Amino acid sequence: MNINNGKSIELKNRKLFEDYFKKFPPDISEFSFTNLFIWNKYYNYLYLEYKDHLVIYSRDYLEKWGRFLSGRKDTIFFLPPIGPNPVKIILEIFQNLKDVEFHRVPEPLITNIKEEGDFEALNIEILEDRNNWDYVYQKEDLIYLPGNKFRQKRRWLNKFLENYDFNFEVITEGLVEKTLQLQLEWCDANECQCNEDLGEEQVAVNRALENYSDLGICGGIICVDEKCVAYTLGEMLNNGTIVIHIEKAHKEFEGSYQAINNLFLKEFGKNAIYVNREQDLGIEGMRRAKEAYKPIRMVKKSILYRK
């Protein structure tokens, strides 16, 4: 495999990626074309096809992350290969390239790779990546917020539904500008200009909305009177799971987060059993918020590296 032949991820590649994802349904939230495309401006992902696998990597990711587990700054970041035998490709890359790390490797793949004889011979080490575990919920729990464990969140949802004269609309090209304006207002309120992570997220959101129709994602927006107060972007990740890429709301409209969650999933979650709300990135407030919705499981991921 010649990693110098990698190509940047562009809109015209969407069918290629989605064909792989359809043939090999993903469980991790990173594996949607939308996710890879909107963050590509920041991480500079490259891809190539190798032995019937789609291989995605970046020479810049680890520098942006600010951490090289191998201790060498020229280490290349890889995502798990997508194809019939990703373990074989991972081991082959470790054999042929000195400085590599595989990130977001799901637990079943970790189990399989540890059973390979070459695993120990190659001195591969495993590090659990808790900050990037995905939170997966029962869809019905998020829509209806049943029982005592969701009592307070149910109160906030009902407060919003009862107290505001609102409209929920499916985002179309005609509503993209309003959604961009809402995102800009949210960023101003949360001082994105002072936070590098939020600033980069703003770039990714803009990329998603500016290419909304071409990406084929789903979106919903809530407006109260003439002011838009919440929106969500998501799509089906696999046959039974819908993934939420972006969710923003004005906190001063109490219950707006619960309302956009409820209305979006009622509209677009008809074919889903589960909801993947992605990771918490190790941010304490985000972790508390995601745990409060009582996930039924975590999509565990690890890092493979060699010192």
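Of everything in the stretch 236-248 that's touching a Leu at 6+ places or on another chain (Cβ under 9 Å) and aliphatic (A, V, I, L, M), which residue is nearest to GLU185 (Cα to Cα)?
ILE246
PHE264 - would you say it is of a type outside the set (D, E, K, R), at pLDDT 95 or above, in contact with a Lys or Arg (Cβ under 9 Å, 6 or more places away or on another chain) and closer than 20 Å to LYS178 by Cβ?
no
With the condition kept exactly as written, say whether any residue in the stretch 268-282 is among the β-branched types (Val, Ile, Thr) and under 30 Å from LYS114 (Cα atoms).
Yes, that holds for at least one residue.
Would a scan of the stretch 142-149 turn up a residue that is more than 27 Å from ALA272 (Cα to Cα) and either part of a helix (DSSP H, G or I) or in contact (Cβ under 8 Å) with a residue 40 or more places away in the chain (or both)?
no
With respect to GLU254, determine if the residue is touching a residue at least 40 places away in the same chain (Cβ under 8 Å), among the charged types (D, E, K, R), within 20 Å of LEU79 (Cβ to Cβ) and in a loop (DSSP other than H, G, I, E, B).
Against the criterion (touching a residue at least 40 places away in the same chain (Cβ under 8 Å), among the charged types (D, E, K, R), within 20 Å of LEU79 (Cβ to Cβ) and in a loop (DSSP other than H, G, I, E, B)), GLU254 does not qualify.
Inspect the stretch 25-45 for any residue being part of a loop (DSSP other than H, G, I, E, B) and closer than 22 Å to ASN2 by Cα and give the result as yes or no.
For the stretch 25-45, residues part of a loop (DSSP other than H, G, I, E, B) and closer than 22 Å to ASN2 by Cα: present.
Tell me, which helices (runs of 4 or more DSSP H) lie completely within the stretch 157-234 with 2 or more residues that are surrounded by fewer than 15 Cβ atoms within 10 Å (Cβ to Cβ), modelled with pLDDT under 95 and more than 18 Å from the chain's Cα centre (by Cα)?
Answer list for the stretch 157-234: 176-189.
All but one of (1) within 21 Å of ASN40 (Cβ to Cβ); (2) surrounded by 15 or more Cβ atoms within 10 Å (Cβ to Cβ); (3) free of Cβ contacts under 8 Å to residues at least 40 places away in the same chain hold for LEU91, so report the exception by its number.
For LEU91, the failing item is (1).
Just to check your reading of the model, which residue among GLU128, GLU116, GLU140, GLU120 is over 18 Å from ILE303 (Cβ atoms), surrounded by fewer than 16 Cβ atoms within 10 Å (Cβ to Cβ) and not hydroxyl-bearing (Ser, Thr, Tyr)?
Step by step, each of GLU128, GLU116, GLU140, GLU120 is checked, and only GLU140 is over 18 Å from ILE303 (Cβ atoms), surrounded by fewer than 16 Cβ atoms within 10 Å (Cβ to Cβ) and not hydroxyl-bearing (Ser, Thr, Tyr).
Name the residue, out of ILE93, ILE56, that is assigned to a helix (DSSP H, G or I) and either under 15 Å from ARG306 (Cβ atoms) or aliphatic (A, V, I, L, M) (or both).
Unique residue meeting the criteria: ILE93.
Based on this model, can you work out whether LYS64 counts as among the basic types (Lys, Arg) and touching a residue at least 12 places away in the same chain (Cβ under 8 Å)?
yes
The values are calculated or read from the model by the stated rules, or taken from the named source; none is laboratory data. Predicted, not measured: the structure shown is a model, and the values here were computed from it. All Cβ positions, glycine included, derive from the backbone under ideal geometry; neighbour counts span all protein chains shown.
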